[in-house]
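Engineer: My questions will all concern the structure given below.
The values are calculated or read from the model by the stated rules, or taken from the named source; none is laboratory data. Predicted model only: the values in this text are computed from it and were never measured. We place every Cβ from the backbone using ideal geometry, glycine too, and count neighbours over all the protein chains shown. SASA here: full protein model, heavy atoms, side chains in, ligands and nucleic acids out. Shrake-Rupley method; radii C 1.70, N 1.55, O 1.52, S 1.80 Å.
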Amino acid sequence: MRALCWHGKGDVRVDTVPDPKILHSRDAIIKITCCAICGSDLHLLDGYQPTMESGDILGHENMGEVIELGSDVTNLKIGDRVVVPFTISCGDCWFCKQGMYSCCDTTNPNAEIAREAMGHSPAGLFGFSHMLGGYSGGQAEYLRVPMADVGPIKVPDSVSDEQALFLSDIFPTGYMAAENAQIQPGDTVAIWGCGPVGQFAIRSALMMGAGRVIAIDEVAERLAMAEAGGAETINFSETDVYDELMSRTANRGPDSCIDAVGCEASGHGSADALLDKAKAALYLATDRVHVIREAIMSCRKGGTISIPGVYVGMGDKIPIGAAMNKGLTLKMGQTHVQKYTKPLLEKIEAGEIDPSFVVTHPASLEDAPEMYKKFRDKEDGVIKVVLRP
Ligand SMILES: NC(=O)c1ccc[n+]([C@@H]2O[C@H](COP(=O)([O-])OP(=O)(O)OC[C@H]3O[C@@H](n4cnc5c(N)ncnc54)[C@H](O)[C@@H]3O)[C@@H](O)[C@H]2O)c1
Ligand SMILES: [Zn+2]
Ligand SMILES: [Zn+2]
């Protein structure tokens, strides 16, 4: 089959590779009908995630048609149209039973490497390095889906591929980010990053009763999409974000702050950000934490910081003293996707949201290397790429 493979920093190619096979009785094989490129894939493209190997197949936002089933998968049938969570979770362990699917204790065969780095291993993820399981991703013609009796959900005929696909990741991710922000009715929520995750966080925060959402980015078409979704905006390359947030909230600060940017934050030329960039380039620190710093400084006393943005290793000069003395709550994590797929599918079916609003670039799998670069460089108005193999 054809598949998008990682070959090193800045180098992804579509290669011909062996087709996946059923390896376990809880597996399914799906024929991918569509898949997407995520901001998390850019961290892989840019070499931030350790334990990638040449030839790894990327892609964790996947849907398709079931073509083969292991003997223990009884909830799906051949021919079913399914969307697949990016988190691979067993459904049986203590964490899965609590609904903490991205913390599944049993699905990372390389748990020891993750334990060394993090103290404990989170769940295995599709297409996301060997320390997170070494599972092949779905930017390909076919995908092996482990734990297929727990993860994939059937998509009704009334919901299109483009409406359903983002249940695999970015809609639940934006939604959980808003839940983690502990929004009370009427609250002011500031959201850094108007990429796809930020866009879903904006709409989710408003669904949860936020009074105002202030969205921060520098890319014109992303700010315009944020405004279309009901947010006020700040362009960080033109305005000092802290000063502007204080002036818009009578110096109190936003009640909640959401970091939908993650480890590759741009620092708009500030000294702390230049230092982060230099340290990251020299491998002295892995993550650029400019947005976490700005969110901690801006958040009102007693407020909440929610971090869906991905961090991979060490962050430098996080103002923990400010967070402590201001009494902030910090909540974060990879999304517990399986917890959200069914309730959010119901919202789509009820017409409360049409997630396809975010798609700007439909493309073929063969176009994927070019689309990765356009998405990274924010060229040509790209906000979300959907690939059809
Ligand atoms: N927690 C999870 O389970 C999960 C799931 C999906 C994605 N993510 C992560 O969420 C983050 C966003 O993903 P995405 O697909 O929207 O990515 P993206 O790269 O399209 O969006 C990031 C946006 O942040 C903006 N930005 C950069 N520096 C900024 C700054 N200093 N202030 C404000 N905005 C800034 C960029 O201009 C860009 O529009 C990534 O880190 C991704 O890995 C996490
Ligand atoms: Zn993702
Ligand atoms: Zn589990």
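Engineer: Restricting to lysine pairs 8 or more places apart or on different chains, what number in the range 171-332 have Cα atoms under 24 Å apart?
Structural biologist: Within the range 171-332, the lysine pair count is 7.
Engineer: Now for a different question. Looking only at Asp161, Asp354, Asp276, which one moves most when the chain is put into a Gaussian network model with springs between Cα atoms under 10 Å?
Structural biologist: Result: Asp354 has the largest fluctuation of those listed.
Engineer: Run the Debye formula on the Cα coordinates of the chain, all scatterers equal and no solvent, and tell me log10 I(q)/I(0) at q = 0.07, 0.09, 0.10, 0.15 1/Å.
Structural biologist: Calculated log10 I(q)/I(0) at the listed q: -0.29, -0.49, -0.61, -1.44.
Engineer: Kindly express, to the nearest 10 degrees and within the range 0 to 90, the angle between helix 368-377's C-alpha long axis and the longest C-alpha principal axis of the chain.
Structural biologist: That helix lies at roughly 10 degrees to the long axis.
Engineer: On C-alpha positions alone, give me the angle between the axis of helix 196-207 and the longest principal axis of the chain, in degrees, nearest 10.
Structural biologist: Between the helix axis and the principal axis of the chain, the angle is about 70 degrees.
Engineer: Work out the FRET efficiency for Gln182 and Met314 from their Cβ-Cβ distance, taking R0 = 25 Å, and round it to the nearest 0.05.
Structural biologist: About 0.40, to the nearest 0.05.
Engineer: Taking R0 as 30 Å, what FRET efficiency do you get between Thr51 and Met324 from their Cβ-Cβ distance, rounded to the nearest 0.05? Mind showing how you got there, number by number?
Structural biologist: Values: r = 33 Å, r/R0 = 1.10.
The computed FRET efficiency comes out at 0.35.
Engineer: Working out 0.36 nm times the residue gap between Lys21 and Glu349, then minus their Cα-Cα distance, what length gain in nm do you get to one decimal? Kindly include the intermediate steps, with their values, before the conclusion.
Structural biologist: Working: separation 328, 0.36 × 328 = 118.08 nm, distance 3.32 nm.
Computed gain between Lys21 and Glu349 is 114.8 nm.
Engineer: How much accessible area per residue does the chain have, in Å², with a 1.4 Å probe?
Structural biologist: Numbers: 15470 Å² over 389 residues.
Each residue of the chain exposes 40 Å² on average to a 1.4 Å probe.
Engineer: Among Ala177, Ala111, Ala36, whose mean-square fluctuation peaks in a Gaussian network model of the chain (Cα, cutoff 10 Å)?
Structural biologist: Among Ala177, Ala111, Ala36, the largest GNM mean-square fluctuation belongs to Ala111.
Engineer: Related question: Any chance you could run the full-extension gain for Asn251 through Lys342? It's 0.36 nm times the residue separation minus the Cα-Cα distance, nm to one decimal.
Structural biologist: Stretched out fully, the Asn251 to Lys342 stretch lengthens by 28.8 nm.
Engineer: OK, next. If you average the alpha carbon positions of the range 189-261 and of the range 33-92, how far apart do those two centres end up, in angstrom?
Structural biologist: If we compute the Cα centre of each part, the gap is 30 Å.
Engineer: If the label point is 7 Å along Cα→Cβ of Ser160, which residues in the range 19-37 have backbone nitrogen under 15 Å from it?
Structural biologist: Backbone N within reach: 34-35.
Engineer: Another question about this same structure. Kirkwood Rh over Cα pairs of the range 171-332 into Stokes-Einstein at 4 °C, 1.567 mPa s: D in µm²/s?
Structural biologist: 84
Engineer: Could I ask something else about it? In degrees, nearest 10, range 0 to 90: what is the angle between the Cα axis of helix 271-281 and the longest Cα principal axis of the chain?
Structural biologist: 30
Engineer: Could I ask something else about it? Relative to the present Cα-Cα distance, how much length would full extension add between Ser270 and Asp377 at 0.36 nm per residue of separation? Can you show the working numbers first?
Structural biologist: Details: separation 107, 0.36 × 107 = 38.52 nm, distance 2.06 nm.
Contour length minus Cα-Cα distance gives 36.5 nm.
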